[in-house]
1. Which of the three applies to the chain, rounded, prolate or oblate, going by the alpha-carbon gyration tensor with a ≥ b ≥ c and a/c under 1.5 meaning rounded?
2. Could you rank the peptides 10-16, 157-163, 119-125 by their average count of other C-beta atoms within 10 Å per residue, with the highest value first?
3. In the Gaussian network model of the chain, springs joining C-alpha atoms below 10 Å, which of 70, 29, 112 carries the largest mean-square fluctuation?
4. I want to verify a result. In a Gaussian network model of the chain, Cα cutoff 10 Å, which of these has the top mean-square fluctuation: 171, 56, 137?
5. Using Cα pairs closer than 8 Å and at least 6 residues apart in sequence, work out the relative contact order for the chain, in percent.
6. Skip the ligands, DNA and RNA, and give the accessible area per residue of the chain with a 1.4 Å probe, whole Å².
7. For the chain, with all protein chains present and a 1.4 Å probe, just round the carbon and sulfur fraction of the accessible area to a whole percent.
8. Give, as a single signed number, the net charge of other residues whose beta carbon lies under 13 Å from the beta carbon of residue 136, with Lys and Arg counted +1 and Asp and Glu -1.
Amino acid sequence: LETCDHADGCFACGADGCRRLDPWRLQPEGPLYDEVKSGASTGDVMVRRGSLWGYRRVSGRLPLRIEYEEIDPIYGWGLDSDATTARVRRNGRWGVASLDTGRLVVPTRYEELNSVGGGRLVVRDGSGWGIVAADGRVLVTPRYEEIRAVRGDLLLAKERDRWMLVTVDGRALADPPPDWVQEIY
């Protein structure tokens with residue numbers, strides 16, 4: 001209750017769990033949750049039952065059902081500047097979901113997934129690292145041993161123990177430099 005930032009998004013927690021606190025009657029009501037954490041927008045909360053999390057809007061709607069191992073909001077990431085998204089993990093795999101609609105924008109298929117800004121994600125699956133766009137399109141097929149940096153449309157990627165500059169659409173910008181340059185880097 002001490003972190004309540006919106007009258008319609010306040011929860012009272014006790015030994016049996018957490019329930020929404022009706023702002024007029026000051027009585028707990030609605031579904032019972034094991035834990036509640038502040039969400040990405042004022043009054044929104046992440047709710048947990050057992051070991052799984054969901055996302056509840058201040059309106060009471062639950063766009064992300066309670067089925068994720070982790071929910072991690074991404075601020076200002078999507079194609080629409082007003083869209084709110086989150087990294088979500090299900091069955092040990094990461095994807096991205098809309099906190100407005102609950103729709104998976106990027107399927108939960110990646111072992112690792114991190115936002116690098118500009119509506120892009122660096123992702124890793126069994127075949128290596130790649131880049132995925134905000135709309136779920138694969139820009140660079142996961143194949144690199146490592147992606148160290150992404151600047152605009154360029155990324156520094158390692159393939160077969162050699163560092164190279166690659167464009168975001170997957171084209172090598174130049175041949176990898178000689179071994180002595182690789183060692184300096």
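The values are calculated or read from the model by the stated rules, or taken from the named source; none is laboratory data. Computed from a predicted structure; not experimentally measured. Cβ atoms come from the backbone with ideal geometry, glycine included; neighbour counts cover every protein chain shown. Surface areas here come from the heavy atoms of the whole protein model, side chains and all, with no ligands, DNA or RNA. Shrake-Rupley method; radii C 1.70, N 1.55, O 1.52, S 1.80 Å.
1. Working: a/c = 3.25, a/b = 2.79, b/c = 1.16.
Prolate shape, in that a/c is at least 1.5 and a/b is the bigger ratio.
2. On the way: 10-16: 13.4, 157-163: 15.3, 119-125: 20.7.
Top to bottom by mean Cβ count within 10 Å: 119-125, 157-163, 10-16.
3. 29
4. The residue with the greatest mean-square fluctuation here is 171.
5. Working: 426 pairs, mean separation 15.6, N = 185.
With pairs under 8 Å counted, the relative contact order is 8 percent.
6. On the way: 10220 Å² over 185 residues.
Accessible surface, normalised per residue, equals 55 Å².
7. Values: 4930 of 10220 Å².
That share works out to 48 percent.
8. Working: positive: 103, 109, 120, 137; negative: 135.
For residues surrounding residue 136, the net value is +3.
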